[in-house]
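The values are calculated or read from the model by the stated rules, or taken from the named source; none is laboratory data. Quick caveat: nothing in here was measured; it's all calculated off a predicted structure. Virtual Cβ from ideal backbone geometry, glycine too; neighbours counted across all protein chains shown. We work out accessible area using only protein heavy atoms, side chains counted, and drop any ligands, DNA or RNA first. Shrake-Rupley method; radii C 1.70, N 1.55, O 1.52, S 1.80 Å.
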Amino acid sequence: MGKLLGRLRDAAVRRRVRAVIAEELLGTPRSLGVVLGFTAFMFVVGVGYYAPTAGSVPVWLWPLYADSAVAVALGGSVLVSVVPTVRAGGNVIEDAPTSRPLAYLHTVGFVWLVQFGLWPLVSLNLAVGAYVSAPDALIYYWGVIGTHLCFVGLALLFPAFGRTTRGALATALALAGINAVVDYGFGYHPPLLYEPGPVLAGATLALAVGAVALASRSFRRL
């Protein structure tokens, strides 16, 4: 195990491993359909989570309020972009389309999925007693953390076929900053069992910076 982990420190080895996994999960219409179906399920669950409180948020701010649902929608859009390639029998790694708009989509989708996939690890554990003692803890603690970690797994597939640019990375970082202002400056943060403060706001920004840095390291440039 130690030898295997040592080999994974090599960027070239990580790229090959990512390519194999991406080809296995996305390389055929059937497997891609399964991943898309699971992504759609996570989107529906996310919308259901935000829907009861969305009425108190201005409609034009919904994309910044419904963080998790938007992250999954972006991830689903990335997957849809490779559907024509896979249906035509092409190789998802070598033949997936590339363009500047797609580079922006790949990058922002990756950052949003990683940031908000890891966010519950911080937000829920800042009040872990309230969550694990709640009657529905199986769903609203373990279920939320488990499904959100799937966001990260989905995002890590994107660099196998996607691209990025400096402009896309800057845009992703700027959007994350705007999102933090909306969530914690104006109070339109996701529903929680407590009122978040500067610790969660700072952690959210740190996750965003880390996600952008990871995107910069993981994606090839357009």
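Quick notes on this structure:
- Flag for L154 being of a type in the set (A, V, I, L, M, F, W, C) and under 17 Å from L36 (Cβ atoms): yes
- Residues in the stretch 125-139 that are aliphatic (A, V, I, L, M) and free of Cβ contacts under 8 Å to residues at least 60 places away in the same chain: V128, V132, A134, A137, L138, I139.
- Scanning the stretch 146-157 for residues that are in a helix (DSSP H, G or I) and open to solvent by less than 20 Å² (accessible area, probe 1.4 Å) gives F151, L154, A155.
- Any chance L121 is open to solvent by 50 Å² or more (accessible area, probe 1.4 Å) and under 12 Å from the mean Cα position of the chain (by Cα): no
- Flag if S68 is open to solvent by less than 30 Å² (accessible area, probe 1.4 Å), closer than 18 Å to C150 by Cα, touching a Pro at 6+ places or on another chain (Cβ under 8 Å) and assigned to a helix (DSSP H, G or I): yes
- In this structure, S81 qualifies as without any contact (Cβ under 8 Å) to a residue 40 or more places away in the chain and either within 15 Å of the chain's Cα centre (by Cα) or under 30 Å from V181 (Cβ atoms) (or both).
- Where a residue in the stretch 94-120 is more than 30 Å from V144 (Cβ to Cβ) and its partner, wherever it lies, is modelled with pLDDT under 95 and open to solvent by 20 Å² or more (accessible area, probe 1.4 Å), with Cβ under 6 Å and at least six apart: A103/L222
- Of all residues in the stretch 80-92 being out of contact with any Pro (no Cβ under 8 Å at 6 or more places or on another chain) and open to solvent by less than 30 Å² (accessible area, probe 1.4 Å), the one that is nearest to T39 (Cα to Cα): V92
- Of all residues making up the stretch 93-107, the number that are open to solvent by 20 Å² or more (accessible area, probe 1.4 Å), of a type outside the set (D, E) and assigned to a helix (DSSP H, G or I): 6
- Residue within the stretch 200-216 that is open to solvent by less than 60 Å² (accessible area, probe 1.4 Å), β-branched (V, I, T) and closer than 30 Å to E24 by Cβ present: yes
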